[in-house]
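Engineer: My structure is below; once you've seen it, I'll send some questions.
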């Protein structure tokens, strides 16, 4: 190699050099981390006809939702593993504080027996529903076309497991005071047979078998999650307040903070996708496909909520307001 062929050292990572500024911590540890996008024909740099290679080529690379550079996506909150843990450590400290303070005041002994029965039917089985959110988020995380999208879905999956743990904790607490309500024993039966849950059960079971990465994202983040957040979190929390259960209201409020962050990154991804011609029609088609199932789920669940007039209408209106804000 002669002197003219010697390459000048880069001042930053090659995939960040066009930014022409010092990269942030977020960019350093989040951008361009996938190795399966180096060769569209052989995502795993092995036999292009192996099962997983064919899966990624069909359900990621050949998705109807197109963009020239998915790696250009950025999380509006620029969360990394370190800052996510700092943020959610504070959130969990707050939630544990709620549990401790209400427990010290013997909150559950002040709840009406009828309301405890409502919690056994409409709250405790929610751990099954929240686990489906975790699984669906994990699939988007696994097959997303950019590591910055993967990270957002991973944190979303972790939040869903936190919601599961909250429900499990409260289920155990409630079982100590209301031993005749089936807490800890009847949740699966409610989830599998009670009409109030069958809309969400059908919705999420179908979401969990969507293989195209972009449709999975739309079905989950733009339709199913808003339907769950507006009814099973917000409206159930309101019902809790009306029935003297301030703990439930404050707990669901805390979980809705996670949901707001999930919507921010989903909104940013949709905005980026809409820059590509044809994507608007694809997104609208998927929303139209999934929206009726979500509306039915809201109707079935909210129909059983005590003391919250127009709960279903309000929840459905809120989900549409969110999607309308995205331009789809």
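Engineer: Say whether the condition of being surrounded by fewer than 19 Cβ atoms within 10 Å (Cβ to Cβ) and in contact with a helix residue (DSSP H, G or I) (Cβ under 7 Å, 6 or more places away or on another chain) is met by at least one residue in the range 227-237.
Structural biologist: no
Engineer: With the condition kept exactly as written, say whether any residue in the range 93-106 is at positive phi and out of contact with any strand residue (DSSP E or B) (no Cβ under 7 Å at 6 or more places or on another chain).
Structural biologist: yes
Engineer: Here's another thing I want to ask about it. Among 33, 79, which is the only one that is surrounded by 12 or more Cβ atoms within 10 Å (Cβ to Cβ) and either free of Cβ contacts under 8 Å to residues at least 40 places away in the same chain or not assigned by TED's automatic domain parsing to the domain that holds residue 218 (or both)?
Structural biologist: Result of the check over 33, 79: 33.
Engineer: Report, by residue number, each residue of the range 117-149 that is surrounded by fewer than 23 Cβ atoms within 10 Å (Cβ to Cβ), over 20 Å from residue 230 (Cβ atoms) and within 12 Å of the chain's Cα centre (by Cα).
Structural biologist: 135, 138, 139, 141
Engineer: Scan (1) more than 25 Å from residue 80 (Cα to Cα); (2) assigned to a helix (DSSP H, G or I) for the single condition residue 308 breaks and write down its number.
Structural biologist: (2)
The values are calculated or read from the model by the stated rules, or taken from the named source; none is laboratory data. Note that the structure is a prediction, hence the values are computed from the model and not measured. Counting neighbours? That spans all protein chains shown, and the Cβs are built from the backbone with ideal geometry, glycine included.
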